[in-house]
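Q: Pasting a structure below so you can have a look.
The values are calculated or read from the model by the stated rules, or taken from the named source; none is laboratory data. All values reported here derive from a predicted model rather than from experimental measurement. Note that we place each Cβ from the backbone using ideal geometry, even for glycine, and neighbour counts take in every protein chain shown. These accessible areas exclude ligands, DNA and RNA; they are computed on the full protein's heavy atoms, side chains included. Shrake-Rupley method; radii C 1.70, N 1.55, O 1.52, S 1.80 Å.
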Amino acid sequence: MADASILSPAPQLLSKTHCFGGEVQFYRHASTACQCDMTFSVFIPPQAAQGSVPVLYYLSGLTCSAENFTTKAGAQRYASHHGLMLVAPDTSPRGEEVPDDERSWDFAKGAGFYVDATEAPWAQHYRMYSYVTDELPQLVEGYFPADTSRQGIMGHSMGGHGALVCALRNPERYRSVSALAPIVAPMRCPWGEKAFSHYLGSDRETWKTYDASELVKSAHFGGHILIDQGDADSFLMEQLKPELFEAACEEAQQLLTLRLQPGYDHSYYFIASFMEDHIQHHAMALID
């Protein structure tokens with residue numbers, strides 16, 4: 001672990017529960033990036049009793065919090081088997097001081113889109129990209145038995161978008177990346193256009209740094225990307241458009257496995273069905 005004396009104060013433990021030989025813990029801390037209190041969950045596998053373990057970050061989708069993945073995905077069983085620490089942050093800043101749009105379920109609180117906002121009134125708090133890639137990993141390294149030289153990232157829907165963007169922009173930080181039903185081309189779907197226009201402004205050129213289908217054209221990820229997508233997903237055609245990312249990866253010669261899963265929708269039933277495959281994908285890259 002890093003020297004905790006140079007870090008922000010230790011996170012406050014909210015709860016802990018034994019799970020598959022390890023422990024699920026929920027924390028709150030004062031975030032510098034988001035200028036508010038943030039929450040996250042950690043699964044510490046039993047192997048951490050012998051030393052530092054690899055870390056896998058999971059980014060959740062629209063309307064979710066740190067709890068959805070932790071309670072619904074069934075990932076702890078597989079993380080315990082492989083000795084991986086799981087870290088799941090919230091999807092946006094929270095609190096009375098944080099601006100919101102109460103008319104929208106797909107924007108503002110619960111929908112930070114893992115970008116660093118540049119436009120008022122969002123720029124002060126909505127800095128989820130910096131939070132996920134910098135502040136949270138420093139906190140994890142400082143206060144948990146984590147080997148941050150071996151870290152991967154994954155996510156679902158909006159979180160799948162976030163995972164792909166974080167990995168493509170920081171290939172030296174992440175050894176592995178995967179996504180479930182990700183928003184792969186936010187510049188070309190209603191969810192992304194709504195979020196980006198408010199968070200990042202009207203200049204669409206600035207949006208490209210947060211669009212995986214644009215990033216992969218110039219930002220190569222050294223590992224193999226795994227994506228699962230249900231073909232019965234009601235958001236598939238209008239919002240997710242995996243064929244756009246597949247075409248961009250083919251043009252850029254980026255290794256990608258895109259699996260279209262018959263009959264599966266956008267829910268956590270879908271996520272739980274393929275979680276073992278995704279944990280295995282990361283374990284192969286993270287465990288020396």
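Q: Report the calculated FRET efficiency for T118 and E250 (r = Cβ-Cβ distance, R0 = 35 Å), to the nearest 0.05. Write out the running numbers ahead of the final one.
A: Numbers: r = 32 Å, r/R0 = 0.91.
Efficiency, from the Cβ-Cβ distance: 0.65.
Q: Something else about it: Given a 1.4 Å probe, how much area per residue of the range 51-171 is accessible, in Å²? Could you put the intermediate results ahead of the total?
A: On the way: 3690 Å² over 121 residues.
I get 30 Å² per residue for the range 51-171.
Q: For E238 and R77, calculate 0.36 nm times their separation in residues minus their Cα-Cα distance, and state this gained length in nm to one decimal. Walk me through the numbers before you get to the answer.
A: Working: separation 161, 0.36 × 161 = 57.96 nm, distance 3.39 nm.
Going from the current span to full extension adds 54.6 nm.
Q: So I have [x] 50; [y] 47; [z] 42, and one of them is percent of Cα pairs over 25 Å apart calculated from this model. Which one is it?
A: [z]
Q: Output ³J(HN,Hα) for the range 35-45: one whole-Hz value per residue in order, computed from phi by the Karplus curve 6.51 cos²θ - 1.76 cosθ + 1.60 with θ = phi - 60°, and x for Gly and Pro.
A: 6, 6, 6, 10, 10, 7, 10, 9, 9, 9, x
Q: Quick one: how many lysine pairs in the chain have C-alpha atoms under 29 angstrom apart, if they're 8 or more apart or on different chains?
A: Lysine pairs meeting the criterion: 14.
Q: Quickly work out the R103-to-R259 label distance, labels modelled 7 Å from Cα along the C-beta direction, and quote it in nm with one decimal.
A: That separation, rounded to one decimal, is 4.2 nm.
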